[in-house]
Structures are given as C-alpha cells and as structure tokens.
1. Looking for something surrounded by fewer than 19 Cβ atoms within 10 Å (Cβ to Cβ) and either in a strand (DSSP E or B) or touching a Lys or Arg at 6+ places or on another chain (Cβ under 6 Å) (or both) - is there at least one such residue anywhere in region 35-58?
2. Residues to consider are Val238, Val274, Val214, Val225; find the one that is over 21 Å from the mean Cα position of the chain (by Cα) and within 30 Å of Ala176 (Cα to Cα).
3. Would you mind listing the strands (runs of 3 or more DSSP E) fully within region 261-377 where at least 2 residues are at pLDDT below 95?
4. Return the pairs, sorted by first residue and then second, in which the second residue is part of a loop (DSSP other than H, G, I, E, B) and open to solvent by 50 Å² or more (accessible area, probe 1.4 Å), the first residue lies in region 327-345 and is at negative phi, the beta carbons are less than 6 Å apart, and the residues are 6+ apart or on different chains.
5. Residue under question is Pro199, and the condition is that it be touching a residue at least 40 places away in the same chain (Cβ under 8 Å), in contact with a His (Cβ under 9 Å, 6 or more places away or on another chain), open to solvent by less than 70 Å² (accessible area, probe 1.4 Å) and outside any strand (DSSP E or B); does it hold?
6. Can you tell me which residue in region 169-193 is farthest from the chain's Cα centre (by Cα), limited to those that are open to solvent by 20 Å² or more (accessible area, probe 1.4 Å) and closer than 18 Å to Ala384 by Cβ?
7. In region 241-259, which residues are assigned to a helix (DSSP H, G or I), among the hydrophobic types (A, V, I, L, M, F, W, C) and without any contact (Cβ under 8 Å) to a residue 60 or more places away in the chain?
8. Quick one: what pairs do we get from region 281-302, first residue under 26 Å from Gly342 (Cα atoms), second of a type in the set (Lys, Arg) and open to solvent by less than 50 Å² (accessible area, probe 1.4 Å), C-beta under 7 Å, 6+ apart or different chains?
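The values are calculated or read from the model by the stated rules, or taken from the named source; none is laboratory data. Bear in mind the structure is a predicted one, so any value in this text is a computation, not a measurement. Because the Cβ atoms are built from the backbone with ideal geometry, glycine has one as well, and the counts that use them run over all protein chains shown. Note: accessible area is taken over every heavy atom of the protein model, side chains too, but ligands, DNA and RNA are not part of it. Shrake-Rupley method; radii C 1.70, N 1.55, O 1.52, S 1.80 Å.
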Amino acid sequence: MRQGRDRVVRKEEEGVSRIGATSRGRKAAVAAREFKAGFFSPLPPARTGVADYAAALLAEMRQLGDIEIAPERPDAALYHLGNNPLHAPIYRRALERPGVVVLHDAVLHHFLLGQLSRAEYADEFVYNYGEWNRGLAEELWRRRAGSGADERYFRYPMLRRIAEGARAIVVHNPAAARIVKEHAPGARVEEIPHLFAAPVQPAFADAMRFRQRVGIEPDVFAFGVFGYLRESKRIATVMEAFRALHAENPRTALVIAGQFVSSDLQRALAGQPVVRLPYLDEDDFWLAATAIDACINLRYPAAGESSGIAVRMMGIGKPVFVTESEECARFPEDGCIRIPSGAGERESLRAHMVLLTSISGVAGAIGRRGAGHIAAHHQVKQAAKRYWDLLCESCT
C-alpha cells in the first residue's frame, strides 16, 4: 500500500513539474520569438519636455530589443500621455488599443477641456465623478478660461477612462500613483523614477561666454526658471522674491527662459529686472543650465507631474528649489530646497535665496547631494530596463 501511495505522489509531483515546465516554456517562447514593441509619443523637435524624455528613453530601449515608432500592430504598445494637445491622437489610440500608458501628468483635466465639446466634457466629468456632479461640470466648463490657476481643475484629474483601460499605468512619483488608484482601484500602477540622461556638458569657458552674452557678470549669483511659463510655476511669486533679494544684494540675477502660456504673465514681466530668453533648444538649454548657479522650479497647484527640468538640473549638480509636495517626496531632504505652498511661499523662497547667495559653499553642497541621488535612482538605463520588462509582461 505504501509503495502504491508513493507512486501516486511521484506522478502528482511529475505532473506539477510538467505544468511548471510548460508555463516556463510558453514564456521562453514569447521571449525567443521576434517581439516588436510600439512607441507612441511626441518626439523632438516638438517643444515639450515629454518629447525630450521620450527621445532619451527610445534610444536606450532600442539597445534592449525591437521597438518602432507608432507601428500599426505592435506586440505591445507604450503610450506617453500629458496635457499637451500633441498627445490627442495617442490618447485616442490608447483607448482603442490598450497598452502600457505613461502618465507624465496625472491630471488630464486641462487636456480634455481642449479636446471635448461642452456635452462631451460634462459626460466625461460625470463618468469620473458621478451624475450628482453634472452641475459642477457645467460650471467648470463655463469658467475654463481660468483653469490654469484655479485649484478645482487640478482637484479633478479625470483619469478613470484611461486608467481602467490600460494594461499598466507608469507614473514617476507617489502622488501620481495615489491619484491613479483613486480613479481606478484595480489598475496596475508602476512607479518608475523620471529618467536622467547625462548630457555632454558645455565647457566652463563656453558657459562664461554665455553669461557675458546675456549680461551676467562672472561674480553674480544667477537663478534660473525654465520651461513652459504658466501660473502654476509661480512666476509672480518668484519675481516678488527676487526683487526683494536684488534690493539687498545687487550681485544677483534671474534668468527666465521659455514660452509663456499665459499672456497676462507675459505682460506682467515686461520691464522687470530679469534676463529674458525664449524657448531653448537642447544645446542652448544645457549651456544656460551650466551657466546659472541655481534653478527655481516651483509647481502649485501640482498636476502629479515629476519635473524633467528639476531632474536634469539636479543631475548636473545644480541646487533646485521645489515646492514641498508629494510629487517631490522621493528627493532627499538635503538634496534640494523645499518651499512650502501657501501664505509662507514668498518669504520662504526669499530667505532661501538669501541663504544661497550669502554663505559660500551651501549651493554647491546641496547640488552635489542632489546629483548623487539622481545618479543612484534616475539613470536612463535603469528606466529603460523597467519599461522593457513591463512591455514584455503586457504582451504575455
């Protein structure tokens, strides 16, 4: 009897082993066959940070396997989504043919305001937040001209449709992960830190010539604001803090580089004591980034985004001012300068600007710690491997 039971047990174990081998065999077959991934994103020369991010990621992922730009029928698809209208066809395709979605902004409210009619917008708002909020949807539609500064438009990210349909959602910070889960509790959410692709930095002499060209003397401490210039980047607050600093210490400068989204902001900046630069291409961006001494990169209200500019500046050792928020929670406390939002924002910014300009070595020490964090956690190779593995999993 005992021998009979042993034979049964061995047969069961062999059966389990064969099942495991079959499962492993299927996975190996998928890995062995020609796997083609699709990559859907704006790319340079599009004037968007997502395009720069996507170009760096695409180049690295091509070292890992076959990945094509917008093929008709890929084995798995990676969709990059943000608030820019350039993402409209990508958003529609991601709904029609689900794949892995990268949310560069975890608030798509402003994007949808620009894509939908009044009736479509109200229905989409109701789909996300219930019929009892239809009246609120109508009000938000009527007041949409002020959506860039009105906190309510950031409070309602409108992510449910894309999050429920995707095979996986990639975010860059815990705030975005939380927002996605609030809209689609069953969604698979993967947090992959915003990548950093180390540039070939300009020579020190070139950076000094750049400063001279824009009127910044060598011994002046220069702050810089870069990217799309909108209300949420706190430009008015930055200007107020800088004016107070400059009155105390004239050996300071403020560079504001980028394209204005708000005409009101553009008018308000006229005549101010700043170095004004337009949108910078890749080479000029790194030249300006090398030339300044610190970067101011505040965001409020936040849209769940991780700033590519902040990561780039920290990556090359520049101290970066960020808004104290869940979006920046992964940055080390001593590797950046956190500024609270609200009533204390302006004075905190001014005080920390004074600190950097008045005590030698502080800016450099913060920059070095920030660069160490980026080197450890944000390298493009690390990000590309995680994306590639996720695409392979989504195919099987």
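1. The answer is yes, given that some residue of region 35-58 is surrounded by fewer than 19 Cβ atoms within 10 Å (Cβ to Cβ) and either in a strand (DSSP E or B) or touching a Lys or Arg at 6+ places or on another chain (Cβ under 6 Å) (or both).
2. Selected residue: Val238, the only one of Val238, Val274, Val214, Val225 that is over 21 Å from the mean Cα position of the chain (by Cα) and within 30 Å of Ala176 (Cα to Cα).
3. Because the criterion is at least 2 residues that are at pLDDT below 95, the strands (runs of 3 or more DSSP E) in region 261-377 that meet it are 275-277.
4. Arg338/Glu324; Pro340/Glu324; Ser341/Tyr300
5. No.
6. Glu190
7. Ala247 - this is the single residue of region 241-259 that is assigned to a helix (DSSP H, G or I), among the hydrophobic types (A, V, I, L, M, F, W, C) and without any contact (Cβ under 8 Å) to a residue 60 or more places away in the chain.
8. Note: pairs meeting the criteria are Ala294/Lys318; Cys295/Lys318; Leu298/Lys233; Arg299/Lys233.
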